[in-house]
Amino acid sequence: MEVVGESGPEYTYELTFDSLEAVQEGDSVVEWLGLNVIVPADSIDKLQGAQLDLPGGDAGGMVLRNPNRPDPLAGMDIELTGDVVERINTILEKVINPGLAQHGGYAELRAWEEPKAYVLMGGGCQGCAVSSITLRSGIERTLRDQIPEILEVVDVTDHASGTNPYYESAKK
């Protein structure tokens, strides 16, 4: 089991079946339900505390529950300084909005009332069916991971109105 990349706020994984002869120096071998799982050395920290599990019900396969997330600021030349509002705006401008802009959207801080940040999503994000997922899995997770004062991000967007909400333009 290996971390092979990142997709948004999550790691991507690869699971292959190899013999124990494939173990290299620094790799970890963990026994799970009678199966030896090899974790390459460069994936060990990224998988620390992760749990490999079987899904409930009749579903097949395996489920990986990993509490670790990639650092969205890794490799970026961003310095988070200033008060909470300045740090939130830096993350929105340099980390969040470039990704949202690819879909014609943006996010902006409307208010900070400790411990809540009130965020408006506009452009292609307004009225988008996955905007709540974007808010929770991308925006909120990134802001909370980087700014410990934030305990909640509240979406203040009116997704049903505006000059060109996503669902209106998608119908055409």
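Since every read-out is calculated from the coordinates, none of them should be taken as a lab result. What you see is a predicted model; the values in this text were computed from it and never measured. So basically every Cβ, Gly included, is an ideal-geometry build from the backbone, and we count neighbours across all protein chains shown.
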Pulled fully out, how much extra length does the chain show between Val154 and Ala111, if you take 0.36 nm times their separation in residues and subtract their Cα-Cα distance? 14.5 nm
Spin-label pair Met76/Val37, simplified geometry with 7 Å Cα→Cβ offset, distance in nm: 3.0
Quote the relative contact order of the chain in percent (integer), defining contacts as alpha-carbon pairs under 8 Å separated by 6+ residues. 15
Under 8 Å for C-alpha pairs, at least 6 residues apart: give me the relative contact order for the range 2-65, rounded to a whole percent. 21
Over all directions, how big on average is the projection of the convex hull of the alpha-carbon atoms in the chain, in square nanometres? 13.7
Output the relative contact order of the range 84-171, whole-number percent, from Cα pairs under 8 angstrom with separation of 6+ residues. 30
Glu2 neighbourhood, Cβ < 12 Å, K/R = +1, D/E = -1, net charge -3
All other residues with a Cβ under 13 Å from the Cβ of Ile133 taken together, and with Lys, Arg as +1 and Asp, Glu as -1, what is their net charge? -1
Between Val156 and residues 5 or more places away or on another chain, which pairs have amide H atoms under 5 Å apart, with H built 1.01 Å from N, and which residues are they? Val119, Leu120, Met121
Do any GluC sites (Glu not before Pro) in the range 1-33 lie in a loop, going by DSSP, with at most 10 other beta-carbon atoms within 10 Å of their beta carbon, and if so which? Glu25
Can you give the Kirkwood hydrodynamic radius for the range 84-171, in Å, rounded to one decimal and based on Cα pairs? 12.9
